[in-house]
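Novice: Take a look at this one; I'll ask things after.
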Amino acid sequence: MSCGSIPVYDAPITEDRVKIPLSLFVGNEVHIIRPAGFPYNIALQRKSDGTFLALLLRCTHADNQVNYGGNGYVCNLHGSRYDAAGEVTRGPATRPLRKLMAEVRDLSVLLSLA
Amino acid sequence: MSQLTSSSTTIGGYGNAVYSHDVNQKTSLADLERVVLFVGHKFNASTTFFSELEMEDAKVSGGEDGGEIAFEQAYVKFDIDPDHYFTAGLFLPRIGILNENHLPTTFNGNERTQVETYILPSTWRELGIGFYGTMSGMPLNYSIALVNGLNSSTFEHGSGIREGRFEGRNASANNLALTGALQLREGDWKFQVAGYYGGTVAASPQAADTLQLSSGIFGTPVAIGEADFQYEHEGLTARALGTIVSIPDAFEINRAYGNNTPSREYGTYIELAYNVFQGCEQLRGKQLNVFARYERLDMNASIPSNGVTDGTLDQHHLIVGISYLPINDIVLKADVRWLKAGDQNPALATGNPAESPYDATNTFFSLGIGFSY
């Protein structure tokens, strides 16, 4: 994961979907996607096999927003932590971050918010 | 979309029980220190209620010492967007390491740190409003809050500002406090700086004048500065914190209330821990953390001319122990704490024949269990 600044992309929502240009991804860095008017950000990362991992940044303990940090994701409410793959590394959360469907189509990554 | 942002009610909590032995006094204590229940409700995509209700010492019985039932938090969170929100109600200001995140599964040792018990009075909750944000594109969090102030008339010798907290009950809102913090996460590191400035006169202006105390929003102030870092990498964790509390009008407080308030106190600690199960695939998901922590605090680092020096408040602590987590949410703890304090002021000796004579050094053994869910 990248250190320091994190690329952020603001995206409109069309028919419960968000479209992110593939050209944003130079390597396998994480991008924080901010769907317009949506209460949670999404962490989108291209994996080494070319597929994408999209994690809904909603804490699975008490639904608080989760922030990128510490080489993973952190919830400031009760201290739950997740690794880069969204797996819990520190409770009280017990369930991993929810993975969203990410489909590559026509030079874009489509995320379904349905 | 509704599935991802749906309304919900969540229930969680934490608690711990401890056995501790005081070597000097030759006494042992077993206590269900606390059980806390979280209840949260998400009304809609942008409005959530959070609460924590705590019971200490298992039982509250009329007329008997010990035990407490109290709300640790009860506030509404209003989301502006995923990176910015307001809070309103009873909440924990962001200061120190433990004040916001104090689950027993997240810190080593049966006791919370001495520094964050007696210098920073965790868990410290007050009523007010707060604003929290994350810088766009950077792992930098910031927060600012306006809460009710402390009550200097209830400061107690030997516990710093701890007894001056209102904790949501009938708080004086004549005096208020501002608190703010910056947090930076960079790779395996987390840094924080935080500050607090608040008035401590809960009395009416007329009563304050009679007591010759400066009243008003920031009258007879307490100022606190705090900085800390945390580091975590492949089983190795490190924490360090330093804090200073300044009470410039301590002379006036002592004159009014006779509670031996210091004009300055400070505390600092450093802790190293290592998960000896790190890298062992067969023990994946379990942790055995071996730790050592050194704490230094002085609750009367500087006292006004009408104060009384108490060397017993000038303390060094060394805590060594283990924390075993068979799963993330259960912890078994064992530790030894060595205390070295300053000399006792004979004027402050209790003269209680039932107590062992004062010894500047002491040792405490503790065993405990904690959980969170």
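The values are calculated or read from the model by the stated rules, or taken from the named source; none is laboratory data. No experiment lies behind these values; they were computed from the predicted model shown. Every residue, glycine among them, receives a Cβ derived from its backbone with ideal geometry; neighbour counts consider all protein chains shown.
Novice: In segment B:13-21, is there at least one residue being within 14 Å of chain A (Cβ to nearest Cβ), at pLDDT 90 or above and part of a loop (DSSP other than H, G, I, E, B)?
Specialist: No: zero hits.
Novice: Another one. With segment B:179-255 as the region, which strands (runs of 3 or more DSSP E) entirely inside it contain at least 1 residues that are more than 18 Å from B:ASN141 (Cα to Cα) and under 16 Å from the mean Cα position of the chain (by Cα)?
Specialist: Values: elements: B:189-199, B:221-233, B:236-246.
Qualifying strands (runs of 3 or more DSSP E): B:221-233, B:236-246.
Novice: Another question about this same structure. Being more than 11 Å from chain B (Cβ to nearest Cβ) and crowded, with 16+ Cβ neighbours inside 10 Å is the filter; apply it to segment A:91-106 and report the residue that is nearest to A:ILE33 (Cα to Cα). Talk me through it step by step, then tell me what you get.
Specialist: Taking segment A:91-106 as the starting set, the residues that turn out to be more than 11 Å from chain B (Cβ to nearest Cβ) are A:95-97, A:99, A:101-106.
So of that shortlist, the ones also crowded, with 16+ Cβ neighbours inside 10 Å come out as A:97, A:102.
Working: A:LEU97: 15, A:ALA102: 12 Å.
Once the filter is applied, the top-ranked residue is A:ALA102.
Residues checked against (1) over 30 Å from B:THR237 (Cα atoms); (2) free of Cβ contacts under 8 Å to residues at least 40 places away in the same chain:
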position: B:GLU271; (1), (2): no, no
position: B:ASN306; (1), (2): yes, no
position: B:LEU318; (1), (2): no, yes
position: B:SER323; (1), (2): no, no
position: B:LEU339; (1), (2): no, yes
position: B:PRO346; (1), (2): yes, yes
position: B:PHE365; (1), (2): no, no
position: B:SER372; (1), (2): no, no
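Novice: Test of understanding: among B:ASP343, B:ASP335, B:ASP314, which residue is surrounded by fewer than 16 Cβ atoms within 10 Å (Cβ to Cβ) and closer than 17 Å to B:ASN362 by Cα?
Specialist: On the way: B:ASP335 fails: surrounded by fewer than 16 Cβ atoms within 10 Å (Cβ to Cβ); B:ASP314 fails: surrounded by fewer than 16 Cβ atoms within 10 Å (Cβ to Cβ).
That would be B:ASP343, the only listed residue that is surrounded by fewer than 16 Cβ atoms within 10 Å (Cβ to Cβ) and closer than 17 Å to B:ASN362 by Cα.
Novice: Next question. Please indicate, with yes or no, whether at least one residue in segment B:270-278 is among the acidic types (Asp, Glu) and over 22 Å from the mean Cα position of the chain (by Cα).
Specialist: The answer is no; no qualifying residue exists.
Novice: Another question, then. Among the residues of segment A:2-45, count how many are of a type outside the set (A, V, I, L, M, F, W, C) and either over 19 Å from A:TYR73 (Cβ atoms) or modelled with pLDDT under 90 (or both).
Specialist: 17
Novice: Now for a different question. Kindly provide the set of residues from segment B:41-63 that are in contact (Cβ under 8 Å) with a residue 24 or more places away in the chain and more than 22 Å from the chain's Cα centre (by Cα), ordered by number.
Specialist: Within segment B:41-63, B:HIS41, B:LYS42, B:PHE43, B:ASN44, B:ALA45, B:SER46, B:THR47, B:THR48, B:PHE49 meet the criteria.
Novice: Now for a separate question. Does at least one position in segment B:60-70 carry a residue that is over 26 Å from B:TRP338 (Cα atoms) and surrounded by 19 or more Cβ atoms within 10 Å (Cβ to Cβ)?
Specialist: First pass over segment B:60-70, keeping only residues over 26 Å from B:TRP338 (Cα atoms): B:60-65, B:67-70.
Pick out the ones that are also surrounded by 19 or more Cβ atoms within 10 Å (Cβ to Cβ) and you get none.
No: zero hits.
Novice: Then there is this: Considering only residues that are within 14 Å of another protein chain (Cβ to nearest Cβ) and either over 15 Å from A:VAL18 (Cβ atoms) or of a type in the set (Lys, Arg) (or both), which ones fall in segment A:34-50?
Specialist: The one that is within 14 Å of another protein chain (Cβ to nearest Cβ) and either over 15 Å from A:VAL18 (Cβ atoms) or of a type in the set (Lys, Arg) (or both): A:ARG34.
Novice: Could I ask something else about it? Could you tell me whether segment A:51-65 includes any residue that is among the aliphatic types (A, V, I, L, M), surrounded by fewer than 24 Cβ atoms within 10 Å (Cβ to Cβ), over 25 Å from B:GLU186 (Cα atoms) and more than 9 Å from chain B (Cβ to nearest Cβ)?
Specialist: no
Novice: If you check A:ILE6 against the conditions, is it more than 30 Å from B:TYR14 (Cα to Cα), within 7 Å of another protein chain (Cβ to nearest Cβ) and within 13 Å of the chain's Cα centre (by Cα)?
Specialist: yes
Novice: Follow-up question, since we're still on this one. Can you go through A:VAL18, A:VAL88, A:VAL30, A:VAL109 and tell me which one is of a type in the set (Val, Ile, Thr) and within 9 Å of chain B (Cβ to nearest Cβ)?
Specialist: Unique residue meeting the criteria: A:VAL88.
Novice: Another question about this same structure. Quick one: is B:PRO121 touching a helix residue (DSSP H, G or I) at 6+ places or on another chain (Cβ under 8 Å) and either surrounded by fewer than 16 Cβ atoms within 10 Å (Cβ to Cβ) or not aromatic (Phe, Trp, Tyr) (or both)?
Specialist: Judged against the criteria, B:PRO121 is a match.
Novice: Across segment B:121-178, what is the number of residues that are in a strand (DSSP E or B), over 26 Å from B:ALA301 (Cα atoms) and among the aliphatic types (A, V, I, L, M)?
Specialist: Adding up the residues that qualify gives 7.
Novice: Is one or more of the residues making up segment B:75-85 more than 14 Å from every other protein chain (Cβ to nearest Cβ) and buried (at least 18 other Cβ atoms within 10 Å of the Cβ)?
Specialist: No: segment B:75-85 contains no residue that is more than 14 Å from every other protein chain (Cβ to nearest Cβ) and buried (at least 18 other Cβ atoms within 10 Å of the Cβ).
Novice: Could you tell me which residue of segment B:92-116 is farthest from the other protein chains (Cβ to nearest Cβ), considering only residues that are closer than 16 Å to B:LEU318 by Cα, polar (S, T, N, Q) and touching a Leu at 6+ places or on another chain (Cβ under 9 Å)?
Specialist: Per the stated criteria, the residue is B:GLN114.
Novice: Still on this structure: Of the residues in segment B:59-116, how many are in a loop (DSSP other than H, G, I, E, B), among the charged types (D, E, K, R) and closer than 18 Å to A:VAL74 by Cβ?
Specialist: Total satisfying the criteria: 3.
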